[in-house]
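Chemist: What follows is a structure written as structure tokens; I'll ask about it next.
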Amino acid sequence: MTILQARNLRKSFASTTALQDLNLDIQSGSFFGLLGPNGAGKSTFMSIVSGFLVQDSGKLTLEGQALVPSDIAQKKKIGLSPQHIALYKELSAESNLKLFGKIYGLSGKVLSQQIEYALEVAQLSDRRKSAVKEFSGGMKRRLNIATALMHKPKILLCDEPTVGVDPQSRNAIFDTLLDLKGEGMTVVYSTHYMEEAERLCDQIGIIDAGKILRTGTLDTLLQELPRTNIIRARAASLDESNQAGFRQFGEVEPDGSSLQLKTQADFKLSHFFRWTEEQGLDASDFQIARPSLEDLFLHLTGKDLRE
Amino acid sequence: MNTILTLVRKDFTLFLKDKTAIVLTFLVPFFVIYIVGNIFSGAGDNGGLSSNIKLAVYNESSDANAEVVVEGLEAETSIELVRDATGPDDTRVPFDRESIRQGIVDHDYNFALIIPQDYLKQEGIGLRIELLSNPKNQIETQIINGLIQKTIFTKLPQLMSSQLDKYQRELMGDTQYTEFLDGFAALISLSYEGAEYEDVRGNMGFEGLSKLLSSGTADSESGENSGGLIDGMIEIDEDQVFGKEIENPYLTRMIGGYAIMFLLFATTGSAASLFEERNDGIFLRLLSMPVKRTHILWSKFIFNTILGVVQALTLFVASSFLFNVEVFPNFLNLLVVSLFASAACTAFGMLLASISKTPQQAQGFGTLLIISMSAMGGAWFPLSMMPEPMQVIGKFTLVYWGVESYLGALWEEAGLIALIPELSVLAAIAIGLNLLSSWRFKTGNLFR
Ligand SMILES: Nc1ncnc2c1ncn2[C@@H]1O[C@H](COP(=O)(O)OP(=O)(O)OP(=O)(O)O)[C@@H](O)[C@H]1O
Ligand SMILES: [Mg+2]
């Protein structure tokens, strides 16, 4: 079932067009990755969904109903963890959670339960009384996400939640988000790290210049790439005749201490390994690179994801 | 040194990027000097100040001589004479003692001059006039007092001539005095060619002489010079209609203006703080929740209004402890006035936030508007000292109504009922500005 749908969404600012005819279908219960470079329109999309910005034109529906910014019932289904730390820095972690919980209409036991839960998610139970301004960047990030969970939303919008977070905290955030998905929450996750999208998301939308270029699972997306393989060889392990032989499989370019082979269309891996055996070469000197979303992005736009 | 220069250059670059801020930088001083200049370089003769202060005049005496004072005051460009009261159905009716006083209570004018029936003293030489006043503005009061004295001194010879005649007649006896004048006139007509006896005799006596004198030489100089000599002869009975009992009149009159300016500057700061919250992304988060823009704006409005009331009251309480301003007897009224004034000032701050794109612009607009409103609205100079068009504009400012309300509460010690007109205007300003800003917020930069 589609939980969130966007049709021909447009949004311009004074001089830039942030979204142009953006179309998107996000399935209920999925972990949806919005992958795109800086300025692609990820935050603009999330701001419109959460009711901060109003689109110039186009339609958004939540569970089949047109999304109206003033509809409180709809807002309670959405949780937003903004790209920037949106917390009152002078207040403690607990006070922030309490304040935002109250805004969602929570009170009494439910409120304190949810505060405990959010503090746990943020791994800040022992620092609950500390002011947010005293937290490290990673701690603030975690609280920024946890705050969006106070009201148990159906759909969680996470705008680049791992910026400036160390690998350990990052894994903790990933685990939390995957747990939430396990509990049936829909997660929309924006990032420009393809590793994150590949690792977490079961649906990925590639966004660039305000447009969704492709959506699909990792596998279906990668199938779009022309069937080329990249094989890297340690340059030192190949003598001159070996190198000539290596070239028969395609285009070779030096890349640091290795040689990179981009294979021809009729390439067969079995032929390649037969050749290494014949030459008496060690197979472990060769690495077959999997095509990645990065390659797909390059293929679709002609530019790097992190240009 | 290089580092400093680099940083200075950075500041200039940033500054030059904000076109509105640049415009404001030049507009603020231009505006301030325009207003101050208008006040001080007028055509008036009161130390460079021009003014048109309203003065009600009621000549109770039937004596024609008394009318010269009125004429003298009429000729004074700095005074706008009021000669009659508003009767039923807006007709004009002549003043009486009751109605001329009522005009001060009703704020039609702040000063009223009564030339009483017995303005010439029965005993000895001298005259007595009555001045009713509401000296709610120090400068205005000084100016009007000076002008009245000047006029009377100038007209003094004429005013007192009949009295001197009478005095002389009593001294010499009726017949003797007449004979003396007859003889004196004959002597003059004989001694001077062209001086006919009839003419000279007609102009005899102090009354006639003073007429001759005043047509030729009497000007303001001589009037003022004679001041020392004649001082004791003039008695001005002052009747202060408002503020008579006030212990620290100077501060009591000024404090309202300062309170308003204070509220306005504080609210500019809070306008800038709205931008801070936006930059922190707090608005984004709040609006993703069951919160509307109007909730955010109302919460800011209520908070800043309350804060303003607390600050204003603190100002008054401090002035009570430090300088004996009579705050506590009027505390409830001050609280109510502060509430309305603070609401209007906060609404002004919200409007600033809604029309500005950056906190710097809000500061710039704020300074510009606060200084010009304070100057035009009477927080610094009395409105009556400004050119007519500026007085009209002044009455459209929030400062004017704030100052009037505070004067009402603290100087005139008026009850809340009497303050209803001023408070209603403040409320209307608050509502109007809030409507304007909530409309502007829809298109402005704050929620983007
Ligand atoms: N308030 C604004 N005023 C003007 N332009 C804006 C504003 N917000 C976004 N834009 C522009 O809209 C485009 C999309 O911006 P957006 O923030 O949505 O990108 P993003 O994908 O979130 O990028 P990032 O990964 O850097 O966060 C950009 O070109 C940006 O310059
Ligand atoms: Mg973004």
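The values are calculated or read from the model by the stated rules, or taken from the named source; none is laboratory data. Since this is a predicted model, take the numbers as computed values, not measurements. Here the Cβ is made from the backbone with ideal geometry for all residues, glycine too, and neighbour counts use every protein chain on show.
Chemist: I'd like the full set of residues that are more than 14 Å from chain B (Cβ to nearest Cβ) and crowded, with 17+ Cβ neighbours inside 10 Å, limited to the stretch A:43-59. First the steps, then the outcome.
Modeler: Within the stretch A:43-59, the subset more than 14 Å from chain B (Cβ to nearest Cβ) is A:57-59.
The one that is more than 14 Å from chain B (Cβ to nearest Cβ) and crowded, with 17+ Cβ neighbours inside 10 Å: A:58.
Chemist: What number of residues in the stretch A:57-78 are in contact (Cβ under 8 Å) with a residue 24 or more places away in the chain, closer than 22 Å to residue A:18 by Cα and either within 16 Å of ligand 1 (Cβ to nearest atom) or among the small types (Gly, Ala, Ser) (or both)?
Modeler: The qualifying residues number 3.
Chemist: Further, regarding this structure: From the list B:419, B:410, exactly one residue is in contact (Cβ under 8 Å) with a residue 24 or more places away in the chain, buried (at least 24 other Cβ atoms within 10 Å of the Cβ) and either under 27 Å from residue B:331 (Cα atoms) or not hydrophobic (A, V, I, L, M, F, W, C) (or both). Which is it? Don't jump to the end; show me each part of the working.
Modeler: Numbers: B:419 fails: buried (at least 24 other Cβ atoms within 10 Å of the Cβ).
Within the list B:419, B:410, the selection yields B:410.
Chemist: When you scan the stretch A:154-161, do you find a residue that is assigned to a helix (DSSP H, G or I) and either assigned by TED's automatic domain parsing to the domain that holds residue A:197 or in contact (Cβ under 8 Å) with a residue 40 or more places away in the chain (or both), even just one? Full working, then the answer.
Modeler: Just the residues of the stretch A:154-161 that are assigned to a helix (DSSP H, G or I), to begin with: none.
No - not one qualifying residue is present in the stretch A:154-161.
Chemist: Do we find that residue B:347 is surrounded by 24 or more Cβ atoms within 10 Å (Cβ to Cβ) and either away from chain A (no Cβ under 14 Å) or part of a helix (DSSP H, G or I) (or both) in this structure?
Modeler: On the way: surrounded by 24 or more Cβ atoms within 10 Å (Cβ to Cβ): yes; either away from chain A (no Cβ under 14 Å) or part of a helix (DSSP H, G or I) (or both): yes.
It is true that residue B:347 is surrounded by 24 or more Cβ atoms within 10 Å (Cβ to Cβ) and either away from chain A (no Cβ under 14 Å) or part of a helix (DSSP H, G or I) (or both).
Chemist: Just one of A:210, A:205 is more than 11 Å from the chain's Cα centre (by Cα), within 16 Å of ligand 2 (Cβ to nearest atom) and away from chain B (no Cβ under 14 Å); which is it? Break it down stepwise before answering.
Modeler: Values: A:205 fails: more than 11 Å from the chain's Cα centre (by Cα).
Only one candidate qualifies: A:210.
Chemist: A follow-up question, please. Take the residues in the stretch B:270-292 that are assigned to a helix (DSSP H, G or I) and surrounded by fewer than 19 Cβ atoms within 10 Å (Cβ to Cβ); name whichever of them is farthest from the other protein chains (Cβ to nearest Cβ).
Modeler: Of the residues in the stretch B:270-292, the ones assigned to a helix (DSSP H, G or I) are B:270-279, B:282-288.
Checking which are surrounded by fewer than 19 Cβ atoms within 10 Å (Cβ to Cβ) leaves us with B:273, B:276-279.
Values: B:273: 12, B:276: 11, B:277: 9, B:278: 10, B:279: 8 Å.
Within the stretch B:270-292, the match that is farthest from the other protein chains (Cβ to nearest Cβ) is B:273.
Chemist: Let me ask something additional. Got a sec? Which strands (runs of 3 or more DSSP E) wholly within the stretch A:1-88 have at least 1 residues that are more than 16 Å from ligand 2 (Cβ to nearest atom), in contact with a helix residue (DSSP H, G or I) (Cβ under 9 Å, 6 or more places away or on another chain) and aromatic (Phe, Trp, Tyr)?
Modeler: On the way: elements: A:2-12, A:17-27, A:31-35, A:57-62, A:78-81.
Fully inside the stretch A:1-88 and qualifying: A:31-35.
Chemist: Is it true that residue A:159 is among the charged types (D, E, K, R) and within 14 Å of chain B (Cβ to nearest Cβ)?
Modeler: Details: among the charged types (D, E, K, R): yes; within 14 Å of chain B (Cβ to nearest Cβ): yes.
For residue A:159, the condition - among the charged types (D, E, K, R) and within 14 Å of chain B (Cβ to nearest Cβ) - is met.
Chemist: Shifting gears a bit: Scan B:392, B:325, B:336 and give me the residue that is of a type in the set (Val, Ile, Thr) and within 26 Å of residue B:303 (Cβ to Cβ). Full working, then the answer.
Modeler: On the way: B:392 fails: within 26 Å of residue B:303 (Cβ to Cβ); B:325 fails: within 26 Å of residue B:303 (Cβ to Cβ).
The conditions single out B:336.
Listed here are the residues, each with its yes/no results for (1) outside the structural domain of residue A:236 (by TED's automatic domain parsing); (2) within 15 Å of residue A:230 (Cα to Cα); (3) surrounded by 10 or more Cβ atoms within 10 Å (Cβ to Cβ).
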site: A:254; (1), (2), (3): no, yes, no
site: A:264; (1), (2), (3): no, yes, yes
site: A:269; (1), (2), (3): no, yes, yes
site: A:272; (1), (2), (3): no, yes, yes
site: A:280; (1), (2), (3): no, no, no
site: A:286; (1), (2), (3): no, yes, yes
site: A:296; (1), (2), (3): yes, yes, yes
site: A:302; (1), (2), (3): yes, no, no
site: A:305; (1), (2), (3): yes, no, yes
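Chemist: Right, here's the next one. Given B:293, B:253, which one is closer than 29 Å to residue A:68 by Cα and not assigned by TED's automatic domain parsing to the domain that holds residue B:132? Spell out how you get there, then give the answer.
Modeler: Numbers: B:253 fails: closer than 29 Å to residue A:68 by Cα.
Answer to the check: B:293.
Chemist: Something else about it: Going through the stretch B:253-301 one residue at a time, which ones are aromatic (Phe, Trp, Tyr) and within 28 Å of residue A:74 (Cβ to Cβ)?
Modeler: Listed by number, the residues that qualify are B:283, B:298, B:301.
Chemist: Here are B:288, B:273: which of them is in contact with a strand residue (DSSP E or B) (Cβ under 8 Å, 6 or more places away or on another chain), polar (S, T, N, Q) and in the same structural domain as residue B:435 (by TED's automatic domain parsing)?
Modeler: After ruling out the rest, the residue left standing is B:288.
Chemist: Turning to a different aspect of this structure: For the stretch A:132-153, what are the residues that are within 13 Å of chain B (Cβ to nearest Cβ) and either of a type in the set (Val, Ile, Thr) or without any contact (Cβ under 8 Å) to a residue 24 or more places away in the chain (or both)?
Modeler: Scanning the stretch A:132-153 gives A:132, A:145, A:147.
Chemist: Could I ask something else about it? Only residues that are closer than 22 Å to residue B:441 by Cβ and surrounded by fewer than 22 Cβ atoms within 10 Å (Cβ to Cβ): list them for the stretch B:360-383, please.
Modeler: Result: B:360, B:363, B:367, B:368, B:369.
Chemist: With respect to the numbered conditions (1) in a helix (DSSP H, G or I); (2) modelled with pLDDT of 75 or more, which one is the sole condition not fulfilled by residue B:237?
Modeler: (1)
Chemist: For residues in the stretch A:11-60 being over 20 Å from residue A:202 (Cα atoms) and basic (Lys, Arg), which is nearest to the chain's Cα centre (by Cα)?
Modeler: Top of the filtered list is A:11.
Chemist: Is at least one residue of the stretch A:162-174 assigned to a strand (DSSP E or B), within 13 Å of residue A:141 (Cβ to Cβ) and within 16 Å of ligand 2 (Cβ to nearest atom)? Working first, answer last.
Modeler: Just the residues of the stretch A:162-174 that are assigned to a strand (DSSP E or B), to begin with: none.
Looking for residues that are assigned to a strand (DSSP E or B), within 13 Å of residue A:141 (Cβ to Cβ) and within 16 Å of ligand 2 (Cβ to nearest atom), one finds none in the stretch A:162-174, hence no.
Chemist: Also: Out of all the residues in the stretch A:160-183, which are more than 15 Å from ligand 1 (Cβ to nearest atom) and in contact with a Phe, Trp or Tyr (Cβ under 8 Å, 6 or more places away or on another chain)? If you could, list the steps in order and put the result at the bottom.
Modeler: Taking the stretch A:160-183 first, the residues more than 15 Å from ligand 1 (Cβ to nearest atom) are A:165-183.
Correct list: A:177, A:178, A:181.
Chemist: Go through (1) within 30 Å of residue A:5 (Cβ to Cβ); (2) in contact with a Ser or Thr (Cβ under 9 Å, 6 or more places away or on another chain); (3) more than 14 Å from chain B (Cβ to nearest Cβ) for residue A:66 and report which single condition fails.
Modeler: Exception for residue A:66: condition (2).
Chemist: Let me confirm something: among A:98, A:76, which residue is of a type outside the set (Phe, Trp, Tyr), surrounded by 15 or more Cβ atoms within 10 Å (Cβ to Cβ), within 14 Å of chain B (Cβ to nearest Cβ) and within 30 Å of residue A:210 (Cα to Cα)? Don't jump to the end; show me each part of the working.
Modeler: On the way: A:98 fails: within 30 Å of residue A:210 (Cα to Cα).
Residue meeting the stated conditions: A:76.
Chemist: Still on this structure, please answer the following. Only one of B:165, B:118 is acidic (Asp, Glu), modelled with pLDDT under 85 and in contact with a Lys or Arg (Cβ under 8 Å, 6 or more places away or on another chain). Can you tell me which? Spell out how you get there, then give the answer.
Modeler: Numbers: B:165 fails: in contact with a Lys or Arg (Cβ under 8 Å, 6 or more places away or on another chain).
When all the criteria are applied, what remains is B:118.
Chemist: Specify which of the listed residues (A:13, A:32) is within 16 Å of ligand 1 (Cβ to nearest atom) and within 12 Å of another protein chain (Cβ to nearest Cβ). Quick ask: steps written out before the conclusion?
Modeler: On the way: A:32 fails: within 12 Å of another protein chain (Cβ to nearest Cβ).
Being within 16 Å of ligand 1 (Cβ to nearest atom) and within 12 Å of another protein chain (Cβ to nearest Cβ) holds for just one of A:13, A:32, which is A:13.
Chemist: A further question follows. Is there any pair linking a residue in the stretch A:13-40 that is of a type in the set (S, T, N, Q) to one that is part of a strand (DSSP E or B) and within 16 Å of ligand 2 (Cβ to nearest atom), with Cβ under 7 Å and at least six apart or on different chains, and which?
Modeler: A:20/A:211; A:23/A:212
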